[in-house]
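To start, the structure under review is shown below, and the notes come after it.
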Amino acid sequence: MSDATAKKEERRKFQAIRGTRDLLPPETELWNRVEQTAHEVFTTFGYGEIRLPIFEQTELFARSIGTDTDVIGKEMYTILDRASESLWRDIYELYEALPHHSVSRDYSAFVSRLIAFVQRVDDALAGGDIPATERNVAAFGDLKEICRRAQELSMPDDGRRPTIQAGWGTLIDGLLSWRNTLDFEENLSLRPEATASVCRAYIEHNMQQLPQPVKLYYLGPMFRRERPQKGRYRQFYQIGAEILGGTDAPAIDAEVIEMLMTYFDKVGLQGATLYINSIGHNADNCRRGYVAQLKSALEKVKDKLGPDSQRRTETNPLRVLDSKLESEQAIIATLPHIADHLCDECKTHYAEVKRQLEVRGVLYQENWRLVRGLDYYMRTTFEITAPGLGSQNAVCGGGRYDGLVELLGGPPTKGIGFAIGEDRLILSLQEGGKGQMQQGRDVYIAWMGEHAYAAAIRAAKDLRNAGFSVELPPLEQKFGKALGQADKLGAKYALILGDNEVSEGLWTLKTLADGTQQKLTEPDLLQFLRDQKPASQ
Ligand code: HAM
């Protein structure tokens, strides 16, 4: 690298990674309001917040979401987590010390070393130095057994010498090959969604023993390596809820959707449309029969389909219904509808979900093409679109996933939930004129003089304690300049404190919107501001 290039490199400006962005004030005020409303509304429906890790074993997502989905196939951020170098070194040193040719036949020094090594591996597993995979946990069990045998063999020989010799031979062979039973690497992925993690947590914490159903909600960033565009990011935020355990009663589906619509209403989202569908039972014949029919219908028109749909015809025919490709729309319209293939149970379930929505006054539209992009769904699926979002207009997606907990190694468990795309919700609120947040400060303290400054500090403390936002300039300014500054910051009031005000005990409060001024004592000032404050603040 030439000097000039090196210098240029040094001065390079860093930028947020493509598809990620900083959220700045005052917009973050809106984010906070949207999140606060979620806490409030979901709590009234009996949900509790769960906070989940940002990364998990890749396998968890692959098994839940399905390997032939875009999310798993193309979009995950996966990292290789390697066992620490120091563990490698410890293994190497242990092997170096193996008593192959021990003349003294005194193995006790090696046994102490082995015992210390067992402890080292135990710590490494607990501390994440090596991944705590099933294989590694089993390998640790084997190591403990080898150690136990070694301790046995190192007991006084009581004339067992030949047996002991043979025993050590086998043990050393076992120890040498033991290393190959360890996983030194593991794939971890940044979470592309949180339903899989919630199910993992449900199993891990034995939540099936809690009163059922368990209702959980979460907020936070998700990661998908999609092509960034309006409303589509690589780090985006979801607000989601899951209800696990209990029954698959249609009332549960309807109530989850009702909660969602209540939430949208409370945050002021306008023009949201709810689409629903039932995609049948995955373990039953109804879905399988339909997919077989769909596949054969698609095969007949395969040459008219684009490459993605051609591939999906083979791998995941349902997903063809999701296609947005203009040239495929007329063909898709002629494909068989799942509603005509639902088994009686699924048909009744779907009809009851719709009836329950009506009872709750939730408006919906049916969309037979709503199959969702993740493999775990069954029966009820739903999506909500909102205006102002362009092509990425789905602001929420969800559905029932009764088999998922079981698929992840847990007990048979019913499940349903949704996730709201928070970025898109915010965008739609802003486009609909609902995104303005109150900016500025309540009070700007314009002070001059040393006595005034002490009073200003005290006033700032009292006002802040009373919940007002206060700007206290760190340096003395002429009143004219201070008032200009107060204006720029969008302050509602300027509190003018000069030494005169302080000695008189009467403080000047200027309302910046109309320029009026009044003189108030300190307690009256606080009371006045309290009286002016809107109830919601
Ligand atoms: P999803 O449809 O993949 O479902 O995502 C839910 C919502 O997250 C979408 O409707 C969209 O608003 C938002 N979203 C997805 N990808 C992006 C992106 N790249 N940029 C911005 N927003 C995005 C799920 O994630 C399921 N876990 C939902 C669920 C919960 N189903 C049952 N329980």
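List of remarks:
- Residue-level analysis places TYR290 among those that are among the hydroxyl-bearing types (Ser, Thr, Tyr), at pLDDT 90 or above and out of contact with any Leu (no Cβ under 6 Å at 6 or more places or on another chain).
- Hits in segment 381-395 - residues which are touching a Leu at 6+ places or on another chain (Cβ under 7 Å) and either within 11 Å of the ligand (Cβ to nearest atom) or hydrophobic (A, V, I, L, M, F, W, C) (or both): THR381, PHE382, GLU383, ILE384, ALA386, LEU389, VAL395
- Test: residue in segment 1-13 that is surrounded by 13 or more Cβ atoms within 10 Å (Cβ to Cβ), on the phi < 0 side of the Ramachandran plot and either touching a residue at least 60 places away in the same chain (Cβ under 8 Å) or not in a helix (DSSP H, G or I) (or both): no
- Segment 368-380, residues that are in a loop (DSSP other than H, G, I, E, B) and within 14 Å of the ligand (Cβ to nearest atom): LEU370, VAL371, ARG372, GLY373, LEU374, ASP375, TYR376, TYR377
- Residue match in segment 25-48 (condition: charged (D, E, K, R) and in a loop (DSSP other than H, G, I, E, B)): no
- The C-beta contact set for segment 414-438 (first residue closer than 17 Å to ASN32 by Cα and modelled with pLDDT under 95, second residue in a loop (DSSP other than H, G, I, E, B) and more than 10 Å from the ligand (Cβ to nearest atom), distance under 6 angstrom, 6+ apart or interchain) comprises LYS434/GLY268; MET437/PRO26.
- Residues of segment 473-510 that are among the aliphatic types (A, V, I, L, M) and touching a strand residue (DSSP E or B) at 6+ places or on another chain (Cβ under 8 Å): ALA482, LEU483, ALA486, LEU489, ALA491, ALA494, LEU495, ILE496, LEU497, LEU506, LEU509.
- Pick from segment 249-273, criterion surrounded by fewer than 20 Cβ atoms within 10 Å (Cβ to Cβ) and within 14 Å of the ligand (Cβ to nearest atom), ranking: nearest to LEU425 (Cα to Cα): ALA272
Rundown of residues vs (1) of a type in the set (A, V, I, L, M, F, W, C); (2) without any contact (Cβ under 8 Å) to a residue 40 or more places away in the chain; (3) crowded, with 17+ Cβ neighbours inside 10 Å, yes/no style:
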residue: LYS324; (1), (2), (3): no, no, no
residue: THR334; (1), (2), (3): no, yes, no
residue: CYS343; (1), (2), (3): yes, no, no
residue: HIS349; (1), (2), (3): no, no, yes
residue: GLU366; (1), (2), (3): no, no, no
residue: LEU370; (1), (2), (3): yes, no, yes
residue: ARG379; (1), (2), (3): no, no, yes
residue: THR385; (1), (2), (3): no, no, yes
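- Meeting the requirement of 2 or more residues that are of a type in the set (Ser, Thr, Tyr) and within 30 Å of GLU27 (Cα to Cα), no helices (runs of 4 or more DSSP H) wholly within segment 429-537 can be named.
- Some residue of segment 281-292 being under 24 Å from the mean Cα position of the chain (by Cα), of a type in the set (A, V, I, L, M) and at negative phi: no
- Residue in segment 283-297 that is touching a helix residue (DSSP H, G or I) at 6+ places or on another chain (Cβ under 9 Å), assigned to a loop (DSSP other than H, G, I, E, B) and not aliphatic (A, V, I, L, M) present: yes
- Complete set of residues in segment 387-415 that are within 27 Å of HIS337 (Cβ to Cβ), of a type in the set (A, V, I, L, M, F, W, C) and crowded, with 24+ Cβ neighbours inside 10 Å: VAL395, CYS396, LEU404
- THR413 passes every criterion in (1) part of a loop (DSSP other than H, G, I, E, B); (2) within 8 Å of the ligand (Cβ to nearest atom) apart from (2).
- Taking the criterion of being among the basic types (Lys, Arg) and either in a strand (DSSP E or B) or modelled with pLDDT of 95 or more (or both), the only residue of segment 64-92 that qualifies is ARG82.
The values are calculated or read from the model by the stated rules, or taken from the named source; none is laboratory data. None of these values were measured; they are calculated from a predicted model. Cβ atoms come from the backbone with ideal geometry, glycine included; neighbour counts cover every protein chain shown.
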